[in-house]
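Trainee: I'd like to ask some things about the structure below.
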Amino acid sequence: MLNSQRKLAFSSLTTVQAFDDFYDQGILQLLDRIEPNRNGIFYPRHIQYEINGRTYDNNLISLIYVNSIGKIMSGAMIVNLDQQVLQSMVMNGAGGKSFQSMILNKQGTVISHSNSAMINASLAGEDDVRQIQSSDSPRGSLEMTKNGRSYRISYIKSDSLGWTFIGVIDYESLLSQVKEMKRFILTVTGVMLLFVVLLGGFFTGWIYGPIHRLMMNVRNLPVGGEDVQGVSELDLLGGTITYLEHKIHDLQRSVADYQSAKRHEVLGSLTAGGWSNEAEIRKRLEKVGVTWEYNRFIAVMLKIDSYRKLSAAYKPSDIALFKYAISNIATEVGSGRFTVVCYDCGEDGVAMIANLPDGSHEPVQELAEVLRDIQLHIHKFLKLSVTVSIGPFVRSMADIKTSWETARKASLYRLIMGKGAIIDSSIEETRESLQDSQVGGLEKQIMDRLKLGDMDKVEKAVSQFIGYVQSASFDEMMLSFTQLLISTARTMKAMVAADPKELTLDIGTLCGQLGQWETIGEIETWYLGLCEKAASLRDSQAQHKNKWIVDKILRYIDEHYADSNLTVETLVEAGACR
């Protein structure tokens, strides 16, 4: 509120101030130029001032209501509107590079504009503004070209305000957004197509690649490849599938022949010696597809390592397929040098009988090389380990039994030689007899240290015991281990409470567990585990017993604390420590 007579200004931002001290000197200068009752009430202007250390810089639209007496101005009321607020209200969030809006007064001065730098600028000389102001229509639109760019201009006139609302659309900028959207869509489409092509190629290669490799492998087979040649790839694929189908049928027949009860019976009787007429046994062998040219034989046993774990993981039918695969590998690898026949000889073994030429040189070395190749192929294709034991050479079918029995006994020495070894029949000759006194002394040393509960010393004593007995024959070695288990069971029963659930002390069960292990290292680990568990149980029970005695003595002291005869001796008797 301005009082021109008293030269005072009343403001919402400050208290009453004289004109000379008033912060908005621009409005005072504007009032001096206004003729009362003749000019409009909306005036766009820029203001910059400072109040209480804060600087204000705004584009305003001032609404001026002049009060005059005649032609003399006595005062005025001014309402300042923020141009940015007005612009946002008019545009309601619209605008951008492709669209601009503005408000012009009758003189062509910019009251509001999307570009704040254009406020208060005069556009009266512009062609489009002149056309709009000269138009009699209150609203309309027109097309124009300016600086090489095409525009569409829409306008609305307000007679009450004297303002013209103008909207300018830049075709080039608007179309650039459309072009950008077009490029984006094309780019995304191209990327998706490329992705689909790559994904299709990957899956095509993933699905077709193995089939193609299969066809190439079958086509390149030295035997049977000519059966799958075709004019087209489809014919080749059909021929490959037919060829593989025939091979599967052959494999099924081969497995059936391998598992034939008659074949198993004949070969079993051959190694067991259950026959007397050589001509008759040869005829029976021929009926099951076995013929031998030479009179020189050797029996070999292929014993599957870690058989207990294998049988726990697979069904009996799967185990039979494993044995067939082992037999097939042994036959194919060995047949390159000898005539080889294999069959299932029992729970964890496959028997192999080789017919060697009479004039072969260094047959032992040659056979050892073949057996190593068999082991390598079994490990490569089946991921299994087998221990091989070899019987002696024999020169008649009647002596095959002797070679087989020797090979079977030699396989027992896997306990000493370890898994995956090749054990010669001469190993039995290298065994030494044990001295009972020496075995008994080492056994007593283990029991004494076990009673003390010193596991480090027990481990050393067990190592000495095993180091001594492993030089003996298999039967004598297992007898020593059995005697050790009997002594251990007695000692453990004296150490711990009767029938502990945590520890099995039945000698039959312990001997059964002893027979499950395949190497002497496994036996040592198992036995030390028994000893450690017994010592731990003894210590645990001793702690519980001591606590029970202490609790009993404490209760006695609590009940007889006032008794003058309470002595250490009476406490010992109360705790049953004597």
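The values are calculated or read from the model by the stated rules, or taken from the named source; none is laboratory data. As the structure is a prediction and not an experimental result, all values here were calculated from the model. For neighbour counting, all protein chains shown are included, and Cβ atoms are generated from backbone atoms with ideal geometry for every residue, glycine included. The area values use the complete protein model at the heavy-atom level, side chains included, leaving out ligands, DNA and RNA. Shrake-Rupley method; radii C 1.70, N 1.55, O 1.52, S 1.80 Å.
Trainee: Past the 20 Å Cα-Cα mark, which pairs from K457/K533; K262/K380; K315/K383?
Mentor: Table pairs above 20 Å Cα-Cα are K262/K380.
Trainee: Another question, if that's okay. Hey, can you rank 325-338, 138-151, 433-446 by average C-beta count inside 10 Å, highest first?
Mentor: Ranking, from highest mean packing down: 325-338, 433-446, 138-151.
Trainee: May I ask you to compute the full-extension gain from S141 to H212, defined as 0.36 nm times their residue separation minus their alpha-carbon distance, rounded to one decimal in nm?
Mentor: Here the segment from S141 to H212 would lengthen by 18.6 nm.
Trainee: Then there's this: Which of the peptides 403-414, 278-289, 480-491 is most tightly packed, and how do the rest follow, judged by the mean count of other Cβ atoms within 10 Å per residue?
Mentor: Highest-to-lowest ranking by the protection proxy: 403-414, 480-491, 278-289.
Trainee: Ignoring ligands, DNA and RNA, what accessible area per residue does the stretch 413-471 give at 1.4 Å, in Å²?
Mentor: Per residue, the stretch 413-471 has 55 Å² of solvent-accessible surface.
Trainee: In whole percent, how big is the carbon plus sulfur part of the accessible area of the stretch 386-431, probe 1.4 Å, protein atoms only?
Mentor: Of the solvent-accessible surface of the stretch 386-431, carbon and sulfur hold 49 percent.
Trainee: Find how much the distance from K262 to D475 grows on full extension, using 0.36 nm per residue of separation minus their present alpha carbon separation; answer in nm with one decimal.
Mentor: 73.3 nm
Trainee: At R0 = 35 Å, how high is the FRET efficiency between T430 and D539 if r is their beta carbon distance? Nearest 0.05 is fine.
Mentor: In this case the efficiency is close to 0.25.
Trainee: Next question, about the same structure. Efficiency by 1/(1 + (r/R0)^6): what FRET value for Q365 and S269, r their Cβ-Cβ distance, R0 = 35 Å, to the nearest 0.05?
Mentor: 0.65
Trainee: Quick one: which of 553-559, 21-27 comes out on top by average Cβ neighbours within 10 Å, and what's the full order, highest first?
Mentor: 21-27, 553-559
Trainee: For the stretch 301-405, what does the equivalent ellipsoid look like in terms of its semi-axes, each the square root of 5 times an eigenvalue of the Cα gyration tensor, given largest first in whole Å?
Mentor: Square roots of five times the eigenvalues give 25, 15, 11 Å.
Trainee: Would you kindly state how much longer the chain becomes between Q5 and T189 on full extension, computed as 0.36 nm times their sequence separation minus their alpha carbon distance, in nm to one decimal?
Mentor: Answer, rounded to one decimal: 58.7 nm.
Trainee: State the Cα centre-to-centre distance between the stretch 259-304 and the stretch 403-458 in whole Å.
Mentor: 34
Trainee: Can you tell me the FRET efficiency between E293 and H379 if r is taken as the Cβ-Cβ distance and R0 is 45 Å, rounded to the nearest 0.05?
Mentor: Using R0 = 45 Å, I get an efficiency of 0.90.
Trainee: Taking 7 Å along the Cα-to-C-beta vector as the label spot, tell me the V79-V197 distance in nanometres, rounded to one decimal.
Mentor: Spacing of the two 7 Å Cα→Cβ label points: 6.6 nm.
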